[in-house]
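Worksheet: one structure, shown below.
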Amino acid sequence: SAVISQKPSRDICQRGTSLTIQCQVDSQVTMMFWYRQQPGQSLTLIATANQGSEATYESGFVIDKFPISRPNLTFSTLTVSNMSPEDSSIYLCSARTQGAGELFFGEGSRLTVL
Amino acid sequence: AQSVAQPEDQVNVAEGNPLTVKCTYSVSGNPYLFWYVQYPNRGLQFLLKYITGDNLVKGSYGFEAEFNKSQTSFHLKKPSALVSDSALYFCAVRPRIKAAGNKLTFGGGTRVLVKP
């Protein structure tokens with residue numbers, strides 16, 4: 001299994017600012033992903049974080065709004081840029097190994113934009 | 001396109017009674033199937049997965065799930081529910097064929113409430 005640490009765990013931000021969320025995995029993993037979740041709702045995949053190259057974004061998500069870095073196999077960041085109240089959500093980092101491996105999740109970063 | 005349906009938004013059950021959370025899916029080929037649980041203000045925790053072999057899969061905390069290929073279902077079950085099982089449960093599916101993508105698709109979630 002993998003243990004995933006995310007920080008910050010929560011933050012309250014002002015409209016128009018940006019926030020970077022960090023994700024650290026305790027072992028080398030092949031795949032890392034970023035999800036968004038409204039409390040009590042399902043998860044929506046934002047992007048796949050690719051090591052050493054640009055992330056692969058899902059429909060409705062763009063790099064300018066959600067820049068992602070993954071400099072090595074165990075670390076990734078997600079930035080929420082130029083935030084608006086609609087960006088208030090829980091952002092979850094996840095990771096897995098190749099093949100049939102299950103996803104492991106961080107505890108999430110709860111973002112509130114005023 | 002792949003999809004996962006959890007037809008019940010909420011399941012209520014008395015402690016000690018059997019618990020079933022339903023899940024059906026639509027995906028090309030034979031998928032990998034997963035169940036996750038989320039407690040309040042926590043991330044998702046992996047419960048169990050189906051890859052191949054026996055259709056009945058046993059997982060954490062006494063949960064099990066049965067893969068039914070003909071009905072494209074993967075229902076989660078627990079013979080005797082505990083109050084501490086009250087949480088949000090997610091079914092998820094991922095294509096087995098790499099060309100179909102690596103994306104894990106989640107169902108809408110089912111809230112389980114176990115009453116003492």
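Any residue that is away from chain B (no Cβ under 13 Å) and of a type in the set (D, E, K, R) - is there at least one of those in region A:68-84? Checked region A:68-84: at least one residue is away from chain B (no Cβ under 13 Å) and of a type in the set (D, E, K, R).
For region A:21-30, the tally of residues that are without any contact (Cβ under 8 Å) to a residue 60 or more places away in the chain and not acidic (D, E) stands at 4.
Looking at region A:28-43, which of its residues are part of a strand (DSSP E or B) and either in contact with a Gly (Cβ under 8 Å, 6 or more places away or on another chain) or away from chain B (no Cβ under 14 Å) (or both)?
Taking region A:28-43 first, the residues part of a strand (DSSP E or B) are A:31-37, A:43.
If the condition is that a residue be part of a strand (DSSP E or B) and either in contact with a Gly (Cβ under 8 Å, 6 or more places away or on another chain) or away from chain B (no Cβ under 14 Å) (or both), then A:Q37 is the only one that fits.
Scanning region A:50-67 for residues being buried (at least 19 other Cβ atoms within 10 Å of the Cβ), within 14 Å of chain B (Cβ to nearest Cβ) and modelled with pLDDT of 95 or more gives a total of 0. Selection of region A:91-104 for residues being modelled with pLDDT of 90 or more and either open to solvent by 20 Å² or more (accessible area, probe 1.4 Å) or among the charged types (D, E, K, R) (or both) yields only A:F104. Of everything listed in (1) surrounded by 12 or more Cβ atoms within 10 Å (Cβ to Cβ); (2) at negative phi, the single unmet condition for A:G108 is (2). Screening A:K7 on (1) more than 11 Å from chain B (Cβ to nearest Cβ); (2) open to solvent by less than 20 Å² (accessible area, probe 1.4 Å); (3) more than 29 Å from B:E8 (Cα to Cα) shows it passes everything except condition (2).
Quick check: anything in region A:13-27 facing another protein chain (nearest Cβ under 9 Å) and surrounded by 17 or more Cβ atoms within 10 Å (Cβ to Cβ)? No, there is no match, as no residue in region A:13-27 is facing another protein chain (nearest Cβ under 9 Å) and surrounded by 17 or more Cβ atoms within 10 Å (Cβ to Cβ). Of the residues contained in region A:8-20, none is found to be out of contact with any Ser or Thr (no Cβ under 6 Å at 6 or more places or on another chain), hydroxyl-bearing (S, T, Y), over 30 Å from B:L113 (Cβ atoms) and assigned to a strand (DSSP E or B). Restricting to region B:58-105, name every residue that is crowded, with 19+ Cβ neighbours inside 10 Å, modelled with pLDDT under 95 and among the aliphatic types (A, V, I, L, M). Within region B:58-105, B:V93, B:L104 qualify.
Listed here are the strands (runs of 3 or more DSSP E) enclosed by region B:42-116 that have at least 3 residues being on the phi < 0 side of the Ramachandran plot and within 14 Å of chain A (Cβ to nearest Cβ): B:44-50, B:87-94, B:110-115.
The values are calculated or read from the model by the stated rules, or taken from the named source; none is laboratory data. All of these numbers come straight from a predicted model, not from anything done at the bench. Counting neighbours? That spans all protein chains shown, and the Cβs are built from the backbone with ideal geometry, glycine included. These accessible areas exclude ligands, DNA and RNA; they are computed on the full protein's heavy atoms, side chains included. Shrake-Rupley method; radii C 1.70, N 1.55, O 1.52, S 1.80 Å.
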